[in-house]
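The values are calculated or read from the model by the stated rules, or taken from the named source; none is laboratory data. Predicted model, so just to flag it, every value in this text is computed and none were measured. FYI the Cβ positions are ideal-geometry reconstructions off the backbone, even for glycines, and counts take in every protein chain you see.
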Amino acid sequence: MKRLMVILLLLASFLPIHADIEVWEGNITDIQEPGTYYVKVSTTNSDGELVSTLVKTVITSDNTIIIANEAIDAHDFQVGIGEVSSMGIDAIIRKSKAKAWNVETGARIPISQMTINRESTSSYAITLATDSQLSITIRAIEKEDTPITWDTLDFRPQEFKNISNRYVQLSILLVFLFPLVLLMIAHTGFSRKVRQANEVLFKRK
């Protein structure tokens, strides 16, 4: 679960100036990855003037490791069979969403080292590290892609065939019954007219 730590609230005039700080002007809950952000906060003072300040905010996850002023974060991931051995460090960083940064300024720190140890036939322990040896170990799981088959879709051809046959039989029955029903309705109406005509004739006599 994402943990939010507000490190320090400073007035804008006292904030240290860093060329590489990241100023976040949106909703803080919209931040998608760990890091240090300077969140712009605005309020109205007693004179009715809009005053803005920056709040230095460090966003971490349960995996984040912080030592001194450096932090690193990465996550376990899953790939297909045989893919880990063919992945370079850049691919591993992208897949694990790895990131290292300076906690004070938010500046990114390059992840330059990677070690892969095979734990089992389908599990790998991957250690990512910076030049200062700040490291994090994650796991990559190789899993065979499950092809889509009739079985995985729970499709039963025999049941479909039985349902189709029942619908065909019902349709044929309706085709024959519909004209018969119309004839019966017409006959009933004709008989009623005949009775009414007879009643009129008999009354005249």
- [ ] Give the stretch 99-112 a look and list any residue that's loosely packed, with under 14 Cβ neighbours inside 10 Å and either in a strand (DSSP E or B) or hydroxyl-bearing (S, T, Y) (or both), or say none.
- [x] R108, S112
Open item on the list: Condition first: assigned to a strand (DSSP E or B), in contact with a Phe, Trp or Tyr (Cβ under 8 Å, 6 or more places away or on another chain) and of a type outside the set (F, W, Y). Can you find one or more residues in the stretch 41-54 that meet it?
Closed with: yes
- [ ] Go through the stretch 104-148 residue by residue and tally those that are at pLDDT below 95 and among the β-branched types (V, I, T).
- [x] 4
Open item on the list: Considering only residues that are surrounded by fewer than 15 Cβ atoms within 10 Å (Cβ to Cβ) and either polar (S, T, N, Q) or assigned to a loop (DSSP other than H, G, I, E, B) (or both), which ones fall in the stretch 77-96?
Closed with: Q78, G80, I81, G82, E83, S85, S86, G88
Open item on the list: Looking at K161 and the list (1) modelled with pLDDT under 95; (2) in a loop (DSSP other than H, G, I, E, B), which single condition is not satisfied?
Closed with: (2)
TODO: Can you tell me which residue within the stretch 48-76, out of those that are at pLDDT below 95 and of a type in the set (S, T, Y), is surrounded by the fewest Cβ atoms within 10 Å (Cβ to Cβ)?
DONE: S52
